[in-house]
């Protein structure tokens, strides 16, 4: 902890360091804040992100009013030691306007999947009679899992026998049914992303060890 704090260049901005906040699962940039040494120490010790408020001249725990805290996971300093990248698990919307990111929701893949997850959840709760998704939930977990298997076979066949557009359509169908299956098991897609991120971090660490 002290090694990182002492390594940073606190003089460039009169004792402050800009801190970029990134969702560790989706890799989405959530916000930019500023830290002094006390804010960084508190973040590292409590595992809840704390900033320094330049307008109030005091420490500021992100989410202390809304309850939408940022759970600290990892930290990286840049090559000049004058900025930080914080990787976090957001416990709710990050922006005060109610969006997940202060830079807008955008149309990246993680946002599209989040929106689709919300629709699937609504269908499960409301169970409208004309909804294909609601029908899947009514058929039960085993049928949903079977449907995922069927869609997987169609993806494999399209990968060998069909043109690219058809393959993309089949992959989209498979992904949709996977999301339905995850919802039936009450598992958010972010947990799948977390597995991928963890694997990538392990591979990166192994590569660094080989090169060092």
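The values are calculated or read from the model by the stated rules, or taken from the named source; none is laboratory data. Bear in mind that the values here come from a model prediction, so they are computed numbers and not experimental data. Note that we place each Cβ from the backbone using ideal geometry, even for glycine, and neighbour counts take in every protein chain shown.
Being on the phi < 0 side of the Ramachandran plot and crowded, with 16+ Cβ neighbours inside 10 Å is a description that does not apply to residue 9. Considered as a group, the residues in segment 183-212 that are touching a helix residue (DSSP H, G or I) at 6+ places or on another chain (Cβ under 6 Å) and modelled with pLDDT of 95 or more include one that is surrounded by the fewest Cβ atoms within 10 Å (Cβ to Cβ), and that residue is 184.
Just one of the numbered conditions (1) surrounded by 15 or more Cβ atoms within 10 Å (Cβ to Cβ); (2) assigned to a strand (DSSP E or B) is not true of residue 32: (1). Filtering 4, 40 for residues that are surrounded by 20 or more Cβ atoms within 10 Å (Cβ to Cβ), more than 20 Å from the chain's Cα centre (by Cα), outside any strand (DSSP E or B) and touching a residue at least 12 places away in the same chain (Cβ under 8 Å) leaves a single hit, 40. All conditions but one from (1) in the same structural domain as residue 175 (by TED's automatic domain parsing); (2) within 19 Å of residue 16 (Cβ to Cβ) apply to residue 80; the one that does not is (1). Answer yes or no as to whether residue 131 is over 29 Å from the mean Cα position of the chain (by Cα) and at pLDDT 95 or above. Considered against the rule, which asks whether it is over 29 Å from the mean Cα position of the chain (by Cα) and at pLDDT 95 or above, residue 131 comes out as no. Close contacts from segment 131-143, counting a first residue that is free of Cβ contacts under 8 Å to residues at least 24 places away in the same chain and a second that is in a loop (DSSP other than H, G, I, E, B) and surrounded by fewer than 18 Cβ atoms within 10 Å (Cβ to Cβ), with Cβ to Cβ under 6 Å and a gap of 6+ residues or different chains, come to 134/127; 134/128. Applying the set (1) assigned to a helix (DSSP H, G or I); (2) within 30 Å of residue 32 (Cα to Cα); (3) touching a residue at least 40 places away in the same chain (Cβ under 8 Å) to residue 115 leaves exactly one unmet item: (3).
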